[in-house]
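Quick notes on the structure that follows.
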Amino acid sequence: MPLRRQPQVALGVAVLALGVVLLATRFVPISSAPAWLLGLGLGLTLLGLVQRSAVALIGGLAALGLGAGLVLGDVAVGTLPKNAWTLLGLGAGFLSVMPLARMLGLRVHWWPAAVGALLAGAGVLRAVRDVELITPRAEIALRTWWPAALVLVGAWLVIRAARRH
């Protein structure tokens with residue numbers, strides 16, 4: 001396997017594993033889910049910094065932001081609802097990609113900033129007022145099954161890297 005494809009495979013496996021672990025936490029109570037996210041986020045961010053990989057950096061900062069949001073929501077910082085902290089943390093993770101990538105001299109597309117702005121905006125809306133953005137049933141389904149998207153993205157990254165080999 002070419003040397004430059006190895007980080008892509010590693011990232012794909014990491015995202016796939018993260019998705020499987022987080023999906024499992026929906027059915028098996030694991031109270032340390034934020035710790036997993038923070039650990040994985042830190043590892044991917046460090047990998048992105050060392051290898052100057054924008055993909056690892058994006059994944060790491062997103063995981064760090066989500067983990068931080070979950071921790072802040074669990075300890076009930078301020079009067080913000082738990083899901084507002086989750087949205088704000090994840091949004092902050094994505095928003096931090098562009099400045100850090102620029103400092104490292106990495107080319108990063110605009111989409112992390114757009115995703116971060118949308119998530120942070122939704123978090124602010126949730127914090128400001130009790131706005132029901134989606135139905136309670138859809139929210140339960142989204143909270144339960146969103147890690148399946150990580151499984152799919154991780155599998156896609158691994159398959160894509162394997163096809164190029």
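All of the numbers you see were taken from the coordinates with simple rules; none came from a lab. Small disclaimer: the values here were computed from a predicted structure and weren't measured. Glycine gets a Cβ as well: all are built from the backbone with ideal geometry, and neighbour counts include every protein chain shown.
L46 versus R107, label points 7 Å from Cα toward the beta carbon: distance in nm?
3.0
Fully extended, how many nm does the chain gain between W146 and D74 (0.36 nm per residue separation, minus their Cα-Cα distance)?
On the way: separation 72, 0.36 × 72 = 25.92 nm, distance 1.92 nm.
Extra length available between W146 and D74 comes to 24.0 nm.
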